[in-house]
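Input: a single structure, listed below in C-alpha cells.
The values are calculated or read from the model by the stated rules, or taken from the named source; none is laboratory data. Remember, predicted model here, so these are calculated numbers, not experimental data. FYI the Cβ positions are ideal-geometry reconstructions off the backbone, even for glycines, and counts take in every protein chain you see. With ligands, DNA and RNA removed, areas are computed over all heavy atoms of the protein, side chains included. Shrake-Rupley method; radii C 1.70, N 1.55, O 1.52, S 1.80 Å.
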Amino acid sequence: MKRIRTSVVLRTLAVVALSFVVGNSVVRGQRERRNRIPATSKVLESLKSLKCSFPAAASATWEGREPQAQARKLPAAAVLTVFNIDAQDGSAEINGGGFRGADNVTVKLAGATLHFLDIGLDGAMSVLTVFARESHVGRLQAVYSRASYVETTRGAPEPPIMSQFYGDCEIGSR
C-alpha cells in the first residue's frame, strides 16, 4: 500500500513539475514575442519605388456625438505613386492622396512594415503603410490613412474628415 502511494505521489509531483516547466516556457515565449525587435525586411529595405492602388475604403463621420463608419468598394481605385524611396535616410517622394511632397514625408522602416508619414501645417495627417506581405506576385499589401480637421471662420464648425483605403502596391525598379 505504501509503495502504491509513493508511486502516485511521485507521478503527481512529476506532472506538477512538468506543468510548471511548460507553463513557464509558454509565458516566457509570449513575453519574448511581445518584446522582441522584429527582423528588418530586406524587401522593404531595398524598395526604390511603388505604385499603390486602393480599391476599397472606409470613412467615418459624426452624427451628433456618435461616430458612424462606412466601408465601400470604390468605383475607381485611389492611386498613389511613391518614388526615390530611401528607407535608411528616411525620405521619399509621393504623388497623389493627401501627401504634399518629398520635403514633408517621413519614412520609417520598422521590421516588416514601412511607413510614409506626412503631417501638414494645418494638422492634416496622411500615412501610407506597406507590409512585407504579398497580395499577388510582385505586389505588397498596403493601407493608406488620412485624417484632418480645419476650423472654419464661417461660424458653422466642419466635422473632422477621416478615411482609410485598402489595397496593395506594385514594386517598381527605379
- Within segment 136-166, restricting attention to residues that are of a type in the set (S, T, N, Q) and over 20 Å from the mean Cα position of the chain (by Cα), which residue is surrounded by the fewest Cβ atoms within 10 Å (Cβ to Cβ)? THR153
- strands (runs of 3 or more DSSP E) lying entirely in segment 96-161 (those with 2 or more residues that are at pLDDT 90 or above and closer than 27 Å to ARG65 by Cα): 125-136, 139-148
- Can you tell which of GLU134, GLU66, GLU93, GLU151 is of a type in the set (Asp, Glu), at negative phi and in contact with a Leu (Cβ under 7 Å, 6 or more places away or on another chain)? GLU134
- Query: From the set of residues in segment 63-81 that are out of contact with any strand residue (DSSP E or B) (no Cβ under 7 Å at 6 or more places or on another chain) and part of a strand (DSSP E or B), which is most open to solvent (accessible area, probe 1.4 Å)?
  - Reply: PRO75
- Any chance segment 1-20 includes a residue that's loosely packed, with under 15 Cβ neighbours inside 10 Å, part of a loop (DSSP other than H, G, I, E, B) and modelled with pLDDT under 90? yes
